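Engineer: I'd like to ask some things about the structure below.
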Amino acid sequence: MSRPKVLLIYTGGTIGMVADARTGALQAVNLDHLEEQVPELLHMGIALETVAFGTPIDSSDMHPEHWVRIASIIGERYADFDGFVVLHGSDTMAYTASALSFLLEGLAKPVVLTGSQLPLGTIRTDGKENLLTAIEIAAAKEDGAPMVAEVAVYFEYSLYRGNRTVKVHSERFEAFRSPNWPVLAEAGTHIRYDRAALLPRRAGPLKVHGRMDNSVAVISLFPGIRAGAVRAQLADPSLKAAVLQTFGSGNGPMDADFLEALREARKRGIVIVNVTQCAGGRVEQGRYKTSEAFGAMGVVSGQDLTTEAAITKLMFLLGQGLGQEEMARRMSGPLCGEMVQP
Ligand code: ASP
């Protein structure tokens, strides 16, 4: 039987760092000799190939154009590999994972993002385990078909749905969670997959999209927020859509001036999506009086979308050049497991 093939796409981040033996300064790992850092790679029975971004970047420098580039690398090499591992800084990994889930329509193979809190070349690194298990998951099959057929994040013994993840800790190895979706797999002595949580395999070809439109804004509510500040944010002439981060189950102030600022934006065709500031749970517009006005002015309920998924989904749909109504319709239901079916 031939060995499974996995493509490693290195974008940057801490996981790709090693300390220079002489000076101790951190520098990018030489991908062509990754096995010098992680000799276990040679004994996995998996054929690995690597491709790297020209210049590795800290994930804080990620841009929608990078997401499109990663998606197109996967698209170009799709038929040649059983799975893909994207090495990425953890800071914006949840955004990239969400974006890739939308850009790779009809994905039927694993795309596993991973990274680390400590550089690969340090004694206590979490990068080694993350890397090895992510590769194993990307190569995993059942009855000849990929075990995972979606974009996922693997970090510290857990596999999460990519477009459901949020980074929850800046120091702990357990840096991610998916508050509104079960863990897809847990790695212990065995890797145990939760079949009910995984996306069903999709039939049909992969369609790689190549456009994201970043004409979006995020308005995060807080008690005392000024209507003028909201109005100023919405006045951006190139703005097409906004994510409104609300309280609890989708609530906000009933202040007339604040609501009028939103109404004016709606009249100008700005799509507004309501997501909760809570770490988990969902928006239910109209449950309280404090969210009734949102529904009435056509603010879309983002249900249990993460902010990361809401932003990238808006960029993706705007990139398709959809009109306001179609945008609202597509934002209201799931495209690839990112939100509940309302
Ligand atoms: N700042 C780094 C990044 O996101 C942190 C990490 O690699 O996890 O690129």
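Engineer: Do the conditions hold for Ala138, that is, is it within 22 Å of Leu87 (Cα to Cα), open to solvent by less than 50 Å² (accessible area, probe 1.4 Å) and more than 16 Å from the ligand (Cβ to nearest atom)?
Structural biologist: Considered against the rule, which asks whether it is within 22 Å of Leu87 (Cα to Cα), open to solvent by less than 50 Å² (accessible area, probe 1.4 Å) and more than 16 Å from the ligand (Cβ to nearest atom), Ala138 comes out as yes.
Engineer: Just the residues that are in a helix (DSSP H, G or I), open to solvent by 10 Å² or more (accessible area, probe 1.4 Å) and either in contact with a strand residue (DSSP E or B) (Cβ under 9 Å, 6 or more places away or on another chain) or away from the ligand (no atom under 16 Å from the Cβ) (or both), please, taken from segment 79-100.
Structural biologist: Across segment 79-100, the qualifying residues are Ala79, Asp80.
Engineer: Just one of (1) farther than 29 Å from Asp143 by Cα; (2) open to solvent by less than 90 Å² (accessible area, probe 1.4 Å) trips up Arg211, so point out which.
Structural biologist: (2)
Engineer: For segment 28-39, check the following and say yes or no: at least one residue is modelled with pLDDT of 95 or more, closer than 18 Å to Pro119 by Cβ and assigned to a strand (DSSP E or B).
Structural biologist: no
Engineer: Do the conditions hold for His63, that is, is it at pLDDT 95 or above, within 16 Å of the ligand (Cβ to nearest atom) and out of contact with any helix residue (DSSP H, G or I) (no Cβ under 8 Å at 6 or more places or on another chain)?
Structural biologist: yes
Engineer: Those residues that are under 24 Å from Pro182 (Cα atoms) and in contact with a helix residue (DSSP H, G or I) (Cβ under 6 Å, 6 or more places away or on another chain), I need them from segment 274-312; list them, please.
Structural biologist: Asn274, Val275, Gly302, Glu308, Ala309, Thr312
Engineer: To continue, here is another question. Taking segment 101-114 as the search range and keeping residues that are farther than 24 Å from Leu318 by Cβ and more than 16 Å from the ligand (Cβ to nearest atom), which one is least open to solvent (accessible area, probe 1.4 Å)? Give the derivation first.
Structural biologist: Taking segment 101-114 first, the residues farther than 24 Å from Leu318 by Cβ are 108-110, 112, 114.
Filter again for more than 16 Å from the ligand (Cβ to nearest atom), leaving 108-110.
Numbers: Ala108: 26, Lys109: 41, Pro110: 0 Å².
Looking at residues that are farther than 24 Å from Leu318 by Cβ and more than 16 Å from the ligand (Cβ to nearest atom), I get Pro110.
Engineer: Still on this structure, please answer the following. Do the conditions hold for Val216, that is, is it of a type in the set (A, V, I, L, M, F, W, C), open to solvent by 40 Å² or more (accessible area, probe 1.4 Å) and within 17 Å of the chain's Cα centre (by Cα)?
Structural biologist: Criteria not met by Val216.
This table checks each residue for (1) at pLDDT 95 or above; (2) assigned to a loop (DSSP other than H, G, I, E, B).
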residue	(1), (2)
Arg192	yes, no
Arg195	yes, yes
Pro200	no, yes
Arg211	yes, yes
Ala217	yes, no
Ile225	yes, yes
Arg231	yes, no
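Engineer: In segment 246-280, what residues are open to solvent by 10 Å² or more (accessible area, probe 1.4 Å), touching a Leu at 6+ places or on another chain (Cβ under 8 Å) and of a type in the set (A, V, I, L, M, F, W, C)?
Structural biologist: Answer for segment 246-280, where residues must be open to solvent by 10 Å² or more (accessible area, probe 1.4 Å), touching a Leu at 6+ places or on another chain (Cβ under 8 Å) and of a type in the set (A, V, I, L, M, F, W, C): just Phe247.
Engineer: Would you point out which residue out of Glu76, Glu49 is within 22 Å of Gln320 (Cα to Cα) and open to solvent by 70 Å² or more (accessible area, probe 1.4 Å)?
Structural biologist: Glu76
Engineer: Restricting attention to segment 104-144, which residues are closer than 30 Å to Pro205 by Cβ, part of a loop (DSSP other than H, G, I, E, B) and without any contact (Cβ under 8 Å) to a residue 24 or more places away in the chain?
Structural biologist: Within segment 104-144, Asp143, Gly144 qualify.
Engineer: Now for a different question. Looking at (1) open to solvent by less than 10 Å² (accessible area, probe 1.4 Å); (2) at negative phi, which is the one condition that is false for Gly12?
Structural biologist: Looking at each condition in turn, Gly12 falls short on (2).
The values are calculated or read from the model by the stated rules, or taken from the named source; none is laboratory data. In this text the structure is predicted, and so the values were computed from the model without any measurement. So basically every Cβ, Gly included, is an ideal-geometry build from the backbone, and we count neighbours across all protein chains shown. Protein only, heavy atoms only, side chains kept; ligands, DNA and RNA dropped before computing areas. Shrake-Rupley method; radii C 1.70, N 1.55, O 1.52, S 1.80 Å.
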